[in-house]
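What follows is a single structure, written as structure tokens, with notes after it.
The values are calculated or read from the model by the stated rules, or taken from the named source; none is laboratory data. Values in this document were obtained by computation on a predicted structure and should not be read as measured data. A quick note on method: Cβ atoms are made from the backbone with ideal geometry, for glycine too, and the neighbour counts reach across all protein chains shown.
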Amino acid sequence: MDPAQVLTGGNIVTLALALFIVLLVLKGVRIVPQSEKFVVERFGRLRTVLGPGINFIVPLIDVVAHKISILERQLPNAMQDAITSDNVLVKVETSVFYRIIEPEKTVYRIRDVDAAIATTVAGIVRAEIGKMELDEVQSNRSQLIATIKVAVEDAVDNWGIEVTRAEVLDVNLDEATRAAMLQQLNAERARRATVMEAEGEKRSVELAADAELYAAEQKAKARRIQADAEAYATEVVAEAIAKNGIEAAQYQVALKQVEALTALGEGTGKQTIVLPSAALEAFGDAFRLLKGKA
């Protein structure tokens, strides 16, 4: 045999061996992207889960069976019918966001993740809305969303999934229910307008009554002041009588009589005044008293 041919055959073997070693190295080294995890099997059984970065496995024995994205995912918006506790049919539109955190559970425990989550959400939405009346569904949507999210998280926990967000996008009603609600809303607005008008009239009456009460109080106050003044004058006269005796009272009476006759005499036109004897005596008494005071 030609030595050149033997050398050539040896080179081929060496080259094949080198290629085989390179292939083993390539098979044994796995570079996992940041957004993924690799599920490794050995003879058909779960061996390990490779995280992001450089990882080493046993070539020809360990194989990467599944490459799972750990990015957050959104299920397609879904519509499902539900009946409230007051027997109103509603159509609820929902959307769910989730991500896979334990690929080994997701791979070996559930076949179609999206379909499984969608079915679970539909059942939970129907159950939760069935516990609420229509008004509660409309007004407490945030509470409904929180309840649905917690329930979905509990249901999918065994699948290695984390529900990051659950949304109730819309709650639609059929035409008959919508018309009935519109009629009820109009009736409520009319009732509020009537109540406001009645309250306005009531307030007007109250203000008028307050004004009358204030006027009455002011009149009573004026009368009380006048009565106090008269009482004070009477008290002064009584005190004068008590100090000066009966003469002071006679003096005041005579003085008033003289003032009255004087005013009568100052009237316009020509007139004749006839004085009774008592009036003359009053003049005399007044003059005497005035003289005595002087």
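Determine, yes or no, whether Glu104 is within 30 Å of Val39 (Cβ to Cβ) and in contact with a Gly (Cβ under 8 Å, 6 or more places away or on another chain).
So Glu104 passes the test.
Give just the number: which of (1) among the aliphatic types (A, V, I, L, M); (2) in contact with a Ser or Thr (Cβ under 7 Å, 6 or more places away or on another chain); (3) part of a loop (DSSP other than H, G, I, E, B) does Val40 not satisfy?
(3)
Of all residues in the stretch 80-132, count the ones that are within 23 Å of Ala179 (Cα to Cα) and either touching a residue at least 60 places away in the same chain (Cβ under 8 Å) or of a type in the set (Phe, Trp, Tyr) (or both).
Total satisfying the criteria: 6.
Is it the case that Ala4 is closer than 30 Å to Val121 by Cα and modelled with pLDDT under 90?
Answer is no for this residue.
Taking the stretch 159-181 only, how many residues are part of a loop (DSSP other than H, G, I, E, B) and surrounded by 14 or more Cβ atoms within 10 Å (Cβ to Cβ)?
1
Could you pull out the residue among Lys202, Lys221 that is at pLDDT below 90, over 30 Å from Ile110 (Cα atoms), over 31 Å from the mean Cα position of the chain (by Cα) and assigned to a helix (DSSP H, G or I)?
After applying the criteria, what remains is Lys221.
Scan the helices (runs of 4 or more DSSP H) fully inside the stretch 46-150 and keep the ones with 3 or more residues being surrounded by 15 or more Cβ atoms within 10 Å (Cβ to Cβ) and of a type in the set (Val, Ile, Thr).
113-129
Which residues, counting only those in the stretch 107-166, are under 19 Å from Ser85 (Cβ atoms) and touching a strand residue (DSSP E or B) at 6+ places or on another chain (Cβ under 8 Å)?
Ala122, Val125, Arg126, Ile129, Gly130, Leu134, Val137, Gln138, Arg141, Leu144, Ile145, Ile148 - these are the residues of the stretch 107-166 that are under 19 Å from Ser85 (Cβ atoms) and touching a strand residue (DSSP E or B) at 6+ places or on another chain (Cβ under 8 Å).
Can you confirm whether Gly51 is without any contact (Cβ under 8 Å) to a residue 60 or more places away in the chain and under 18 Å from Ile110 (Cα atoms)?
no
Spot the failing condition for Val156; the list is (1) surrounded by fewer than 18 Cβ atoms within 10 Å (Cβ to Cβ); (2) within 21 Å of Leu75 (Cα to Cα); (3) not aromatic (Phe, Trp, Tyr), and only one is missed.
Tallying (1) surrounded by fewer than 18 Cβ atoms within 10 Å (Cβ to Cβ); (2) within 21 Å of Leu75 (Cα to Cα); (3) not aromatic (Phe, Trp, Tyr), Val156 fails exactly one: (1).
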